[in-house]
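Below is one structure; the comments refer to it alone.
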Amino acid sequence: MSRIHPTAIVASRAKLARDVVIGPYCVVGEDVTLDAGVMLRSHVVVDGRTTIGAGTSIFPFASIGLEPQDLKYRGEKSTLVVGRNNRIREHVTMNPGTAGGGMVTRVGDNCLFMVGAQLSSNRRAAMLMAIAAGLATLVMSEATHFYQHELDALMVLLAFWFFSGRETSALNRRALFGGISLGVAILARPDAVPAAVVIWVFGAIVAWKLVDNFPDRFPRTVRRTILALVGPIGAVAGSMYFNYLRFGNVVQFGYTEDRARFVLDIPQIAKAIAGYLVSPSLSIFIFATPLILLLAVGRSAYCRWPLETATLIIAAVAHLLMISANKTWSGDLSFGPRYMLESIVLLMPLTLPAFEMALDGASIRATAGSSVREPTNDPRAEDFGPFRRARLIGRMKYRK
């Protein structure tokens, strides 16, 4: 049976497992679910559409499940799901998701959140983006040894990450770093320019939306736009200066052969695109694994992040059109799959729902599997307090 201190306030509709412990002066909201063995030490607030996994211990003055610390939050019914066997120390804040972060914040199992930590859906999305980028890096390492293409692709993706930030206080800093990332991409491969332009426009749109409630909206956006241009302008100026020193012509990039020029030849571009898309040895089949994930969850990504999804697709297509305009495509298909790296990597963040489903599946399997927790002599068990007992994790009876 649950042990609830007389001074605690627990909503009648809250769902509590039989051996939950709620200490003095805790507050538990009506849409909260506390699984087996959850312990709220004292002065803990758990509210909102929040689920706390089995065996989790929450220390005093933690705030769990209250409204997100995001000015764009408009009262949407978002959720917070905390995994099993976590230790959430004093003054930790965990908020439910927002529309921009998927409407849900999920916390894994067996984590320690130290004093004053703050967790929201945007941080989790950033972590999943890193996983997707890591998958893309693995694909690239297997596909090519030409470092410029890897550097180009990752820098464009990094710029997208900087421009995706939703913190108005960091707007200028992210604009500067995002612009520098685009500059490095242009230095690595000049054919990154079309995708870089798309990403830069995306950053300007995000900035304009972020400051919609500010009286100085226009000056803020202009300032951010100028900062985002520092990197690309510096890269172009540096490239032209090098061209002048090396070739005596600022627009001569070293491609002196006629076959290395870019030309607007529609039949040639169509032939190149067909080669990249369907040729077994030189096409996107090399990247089949991440693209299968994209096809499976692309619609979900668009429903959640329409602007971001459209930006990445347009940038990928822009890069594909750019490389397809190279005159080398004379029927020999001499360029390998490395030229598709940027287009493929730009699509990787759209695979995030696949990783989320994998995490959700692991959580469901862990919850569904019944197991007996035996008593332990481990001294660390004392950290959970005197009410820790051997318990059966299986069918739970909730008190309403």
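The values are calculated or read from the model by the stated rules, or taken from the named source; none is laboratory data. Keep in mind it's a predicted model, so treat the numbers as computed, not measured. As a convention, Cβ positions derive from the backbone with ideal geometry for all residues, glycine included, and neighbour counts pool all protein chains shown.
Yes/no matrix, rows are residues, columns are (1) in contact with a strand residue (DSSP E or B) (Cβ under 7 Å, 6 or more places away or on another chain); (2) more than 30 Å from L307 (Cα to Cα); (3) among the hydroxyl-bearing types (S, T, Y):
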{"residue": "R13", "(1), (2), (3)": "no, yes, no"}
{"residue": "G23", "(1), (2), (3)": "yes, yes, no"}
{"residue": "C26", "(1), (2), (3)": "yes, yes, no"}
{"residue": "H43", "(1), (2), (3)": "no, yes, no"}
{"residue": "S57", "(1), (2), (3)": "yes, yes, yes"}
{"residue": "E76", "(1), (2), (3)": "no, no, no"}
{"residue": "V81", "(1), (2), (3)": "yes, no, no"}
{"residue": "R84", "(1), (2), (3)": "no, yes, no"}
{"residue": "G97", "(1), (2), (3)": "yes, no, no"}
Residue check: is F146 at pLDDT 85 or above and surrounded by fewer than 23 Cβ atoms within 10 Å (Cβ to Cβ)? no
Out of the residues in the stretch 18-57 that are under 26 Å from E76 (Cα atoms) and in contact with a Cys (Cβ under 9 Å, 6 or more places away or on another chain), which is surrounded by the most Cβ atoms within 10 Å (Cβ to Cβ)? V46
Pair list, Cβ < 8 Å and 6+ apart or interchain, from the stretch 154-182 residues that are assigned to a helix (DSSP H, G or I) to residues that are of a type in the set (S, T, Y): L154/T137; M155/S181; V156/S181; L158/S181; A159/S181; F160/T311; F162/S181; A175/T225
Where a residue in the stretch 278-297 is closer than 23 Å to P353 by Cβ and its partner, wherever it lies, is of a type outside the set (A, V, I, L, M) and at pLDDT 65 or above, with Cβ under 7 Å and at least six apart: I284/Y276; P290/T351; L293/T351; L294/T351; V297/T351; V297/P353
Residues within the stretch 29-60 that are assigned to a loop (DSSP other than H, G, I, E, B) and closer than 19 Å to G108 by Cβ, tallied: 9
Inspect the stretch 20-28 for any residue being in a strand (DSSP E or B) and within 31 Å of the chain's Cα centre (by Cα) and give the result as yes or no. yes
